[in-house]
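The values are calculated or read from the model by the stated rules, or taken from the named source; none is laboratory data. These numbers were taken from a predicted model, which means no experiment stands behind them. Here the Cβ positions follow ideal geometry from the backbone for every residue, glycine too, while neighbour counts run over all protein chains shown.
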Amino acid sequence: MPKTKLYFGVVVLCMLGLLLGSCASEPSLEVKSAVEAKDVSLNYLRQNDSQNAPSSDIVWQEEDVTPQDWVGGVFKEFTSDKWTVKVSYPVLLPENTIYQVVVSSIKLGWHWKGTVEFDGSVTELTAFKQMSKEESQRIAEEFVKNSPTFIFDGIEDTLRLTETLTARCPYCWVFVFVFDCSSAGYGDRTGQVLAQVITHHEASIAVEQLTVTSAVMDGKWDMIRQEMTGSQQGKPGGSLSVGELLARPVYDTEVMIYGEVSLLGELLCPCFELTSGEATVSVWYDLMTENDGTIKPPVDVTGINNGDIVVVTGELKGEGGTHYSKGDFWATAIFDVLPKN
């Protein structure tokens, strides 16, 4: 009888422990690495969309892509034949670390973005969906609507899309919107003395794989940084002529320029001449290497011909480096505007 009572007592205690979550409980999940953040994100996607999410049997190749001069953070990239997972995080104590995760597939057209915390909780920032022009346009429009300039005094029923440009990279577009504000100026103008006059604006929003990468209003207001670019307004789509950029150069800052292509395929470099506003600049689309060894991704120029009018996003390089000269223009995207024929 004593053994029976003892056994019964153990069973009762264990049952109480289960009710209290302390008997035979599984250890809580702890995410301490980029690999674990990747795995948690992929499991989350499979639970929500098992048909389209990356399968569990994929073999991943891991690479540390942290820039050489980057301090305080880590960037990891995991690749397979169809998928890429990018994980970035600050160098903090594990329990304080929040991992930023992007899952995408250029071949299949899918994209997801979220965060993973130490306890394995996932916060979805961008839903798992296919990259499309329609979804990119929606993201661009929401970006405009949520911009401080539009929130402050934008007139809702004046917002409209006027132009869509297709970029030379997969799932990349520039959307040009126009709208009116009830006063002059940019951004949140609370407390400022404003001219009460209907002001027309044009915003060019570049969306690359469901992410806004560039947003310029009237060719002179950076909507991401919320500051003046130092440049004057140009055409088309809010871009600048080469002459306008060179008259008031803004170095090492992303801008949009337009012009006529010449000497493509005729120079001893992966570059061409772009001319507008009575000025010319050399546009590089490959072999763009910073002094610290950082290599910029190449831009596809397939289908572009001499004489075409194009819009190019990129940056005018400042003081010359080992691999470039001051005044070179490094492209990040090229958009067709008006073919020669």
- line: When the stretch 73-106 is checked residue by residue, the ones that are more than 17 Å from Gln61 (Cα to Cα), assigned to a loop (DSSP other than H, G, I, E, B) and of a type outside the set (Ser, Thr, Tyr) are Val91, Leu92, Leu93, Ile98
- prompt: Just one of Ser276, Ser214, Ser241 is within 29 Å of Thr149 (Cβ to Cβ), touching a residue at least 60 places away in the same chain (Cβ under 8 Å) and surrounded by 18 or more Cβ atoms within 10 Å (Cβ to Cβ); which is it?
  reply: Ser214
task: State yes or no: is Ser104 in contact with a His (Cβ under 9 Å, 6 or more places away or on another chain) and either not assigned by TED's automatic domain parsing to the domain that holds Glu202 or not small (Gly, Ala, Ser) (or both)?
output: yes
message: Restricting to the stretch 107-127, give me the number of residues that are over 12 Å from Ser41 (Cβ atoms), part of a loop (DSSP other than H, G, I, E, B) and not charged (D, E, K, R).
response: 3
message: Take the residues in the stretch 269-294 that are in contact with a strand residue (DSSP E or B) (Cβ under 6 Å, 6 or more places away or on another chain) and outside any strand (DSSP E or B); name whichever of them is modelled with the lowest pLDDT.
response: Gly277
query: What residue, of Thr162, Thr199, is without any contact (Cβ under 8 Å) to a residue 60 or more places away in the chain, among the polar types (S, T, N, Q) and out of contact with any Phe, Trp or Tyr (no Cβ under 9 Å at 6 or more places or on another chain)?
result: Thr199
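Per-residue answers, yes or no, for (1) hydrophobic (A, V, I, L, M, F, W, C); (2) in contact with a His (Cβ under 6 Å, 6 or more places away or on another chain); (3) modelled with pLDDT of 95 or more; (4) not assigned by TED's automatic domain parsing to the domain that holds Thr289:
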| position | (1), (2), (3), (4) |
| --- | --- |
| Ser50 | no, no, no, yes |
| Pro54 | no, no, yes, yes |
| Thr66 | no, no, no, yes |
| Val74 | yes, no, no, yes |
| Phe78 | yes, no, yes, yes |
| Asp81 | no, no, no, yes |
| Thr84 | no, no, yes, yes |
| Val87 | yes, no, yes, yes |
| Pro90 | no, no, no, yes |
task: Write out, first by first residue and then by second, each pair whose Cβ atoms fall under 6 Å of each other, whose residues are 6+ apart or on separate chains, and whose first residue, in the stretch 75-99, is more than 18 Å from Gly120 (Cα to Cα) while the second is of a type in the set (S, T, N, Q).
output: Phe75/Thr66; Phe75/Ser88; Thr79/Gln61; Lys82/Ser105; Trp83/Ser105; Thr84/Ser104
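Results for (1) outside the structural domain of Val103 (by TED's automatic domain parsing); (2) at pLDDT below 90; (3) of a type outside the set (Ser, Thr, Tyr); (4) within 28 Å of Ile106 (Cβ to Cβ), shown as yes or no for each residue.
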site: Glu156; (1), (2), (3), (4): yes, no, yes, no
site: Phe175; (1), (2), (3), (4): yes, no, yes, yes
site: Asp180; (1), (2), (3), (4): yes, no, yes, no
site: Tyr186; (1), (2), (3), (4): yes, yes, no, no
site: Ala215; (1), (2), (3), (4): yes, no, yes, yes
